[in-house]
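Colleague: Quick one: this structure, given as structure tokens, is what I'll be asking you about.
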Amino acid sequence: MESRSRIAVVTGGMGGIGTAICQRLYKEGFKVIVGCSSDSSRKNDWIASQLAAGYQFECIYGDVTDWETTRKSFEMAREQFGPIDVLVNN
């Protein structure tokens, strides 16, 4: 099993630029946590397409316009995956 000890969080990761950033970080050896929209069908389709392309990402719900939601999302990410090494606000 591949070890990905460095953690990156990408907000807005499901769009074109965000997807490219996520893929690059994954190729560089990061465990990538993607700030996903609350639209679960879009999220599920995106995750499935990335998995089919060879990428394995984790998703956390996040709304960067809402401080409390953002704070809770990052808290959950740290608890589940450990310290965040890289943050990309996209």
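The values are calculated or read from the model by the stated rules, or taken from the named source; none is laboratory data. In this text, all values refer to a predicted model and were calculated from it rather than measured experimentally. Glycine also receives a Cβ, built like all others from the backbone with ideal geometry; neighbour counts cover every protein chain displayed.
Colleague: Select from the stretch 1-51 the residues that are among the aliphatic types (A, V, I, L, M), surrounded by 11 or more Cβ atoms within 10 Å (Cβ to Cβ) and free of Cβ contacts under 8 Å to residues at least 60 places away in the same chain and list them in ascending order.
Modeller: Residues satisfying the conditions are Met14, Ala20, Val32, Ile33, Val34, Ile47, Leu51.
Colleague: Six or more apart or on different chains, Cβ under 6 Å: which pairs go from a residue in the stretch 56-84 that's loosely packed, with under 13 Cβ neighbours inside 10 Å to one that's in a loop (DSSP other than H, G, I, E, B) and among the acidic types (Asp, Glu)? Could you list them?
Modeller: Between residues of the stretch 56-84 that are loosely packed, with under 13 Cβ neighbours inside 10 Å and residues that are in a loop (DSSP other than H, G, I, E, B) and among the acidic types (Asp, Glu), there is no close pair.
Colleague: Restricting the stretch 77-90 to residues that are farther than 10 Å from Ile7 by Cβ and in contact with a strand residue (DSSP E or B) (Cβ under 6 Å, 6 or more places away or on another chain), which is modelled with the highest pLDDT?
Modeller: Among them, the one singled out is Val88.
Colleague: Restricting the search to the stretch 21-47, which residues are over 12 Å from the mean Cα position of the chain (by Cα), of a type outside the set (D, E, K, R) and at pLDDT 95 or above?
Modeller: Gly29
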